1. Is it the case that residue 225 is outside any loop (DSSP other than H, G, I, E, B) and at pLDDT below 95?
2. Which condition number in (1) out of contact with any strand residue (DSSP E or B) (no Cβ under 8 Å at 6 or more places or on another chain); (2) surrounded by 16 or more Cβ atoms within 10 Å (Cβ to Cβ) is the one that residue 91 fails?
3. Out of 190, 223, I need the residue that is outside the structural domain of residue 241 (by TED's automatic domain parsing) and acidic (Asp, Glu). Which one?
4. Taking the condition among the aliphatic types (A, V, I, L, M) and without any contact (Cβ under 8 Å) to a residue 60 or more places away in the chain, does residue 108 pass?
5. Quickly run through segment 117-138 and pick out the residues that are of a type in the set (A, V, I, L, M) and touching a residue at least 40 places away in the same chain (Cβ under 8 Å).
6. May I ask you to verify whether residue 196 is buried (at least 23 other Cβ atoms within 10 Å of the Cβ) and in a helix (DSSP H, G or I)?
Amino acid sequence: MDYQNLLVSDRGAVRSITINRSDKLNALNLLTLQELDAAFRGAREDATVRVIVLAGAGEKAFVAGADIAELATLSPVQAQAFSRAGQVLMRGIERTTKPVIARIQGFALGGGMELAMSCHLRIASEKAKLGQPEINLGVIPGFGGTQRLTRLAGRSAALELCLLGMTIDAARGQALGVLNRVVPADQLDDTIAAVADQLAAAAPIALAGILDAVTLGADCAMDPALEFETQAFALCCSTADMREGTQAFLEKRKAAFTGK
């Protein structure tokens, strides 16, 4: 598929999806949301893809937020549709059963922070800046920021960032649990490649089970979450990958997982 605002490429089993609007600091307009939804759908359906890396073009920004020029023209009905488009996209990313890594090299603000929080892992340069500054525009986060930030960083931090519209550095983002890793800028791509390769070599059915169990568990009570975990564990034990993994351990060799 040809995209106007995205670049899509593969390195082995790792698919990279890059928002290519560096002149706009990769701001999210409706077309970009639609293209991202299509690109992630394609990655989910492609059996050769085991890991997805989401990035923003250029050095300044992962995504600096929503496209304010477009946002300023929206009617309330259009704004509702725009918010829902972003939420559908990001819920889809969150529910993807292949690991999604956000590469954050610079600004991840507003919709950009929300997009990053929908990914399973967030690896950032020490130069990264994060924030939910929507209050400064007279609106609230509309792509799930109030909810995912609360779940990742807690109620107090979510209220502080959303009410004050403040920007935080990568070190505080990691301390709050929003970022998984922070590395020097010149080590960002090597770090992401190493994590992606480790995930790509792991058992795909087990990866999907972990992602499903954690996502479901965050949304429901403990007992049904534990039951889901039990069923996912039992499913893994029916796979050729489980037999390969246990045999490789006993034979002191590296397992070769096939996703079967």
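The values are calculated or read from the model by the stated rules, or taken from the named source; none is laboratory data. Worth saying up front: this structure is predicted, and the values here are computed from it rather than measured. Neighbour counts run over all protein chains shown; Cβ positions are idealised from the backbone, glycine included.
1. For residue 225, the condition - outside any loop (DSSP other than H, G, I, E, B) and at pLDDT below 95 - is met.
2. So residue 91 meets the others, but not (2).
3. Numbers: 223 fails: outside the structural domain of residue 241 (by TED's automatic domain parsing).
Answer to the check: 190.
4. When the stated conditions are applied, residue 108 passes them.
5. Listed by number, the residues that qualify are 117, 121, 123, 124, 128, 130, 137.
6. Values: buried (at least 23 other Cβ atoms within 10 Å of the Cβ): yes; in a helix (DSSP H, G or I): yes.
It is true that residue 196 is buried (at least 23 other Cβ atoms within 10 Å of the Cβ) and in a helix (DSSP H, G or I).
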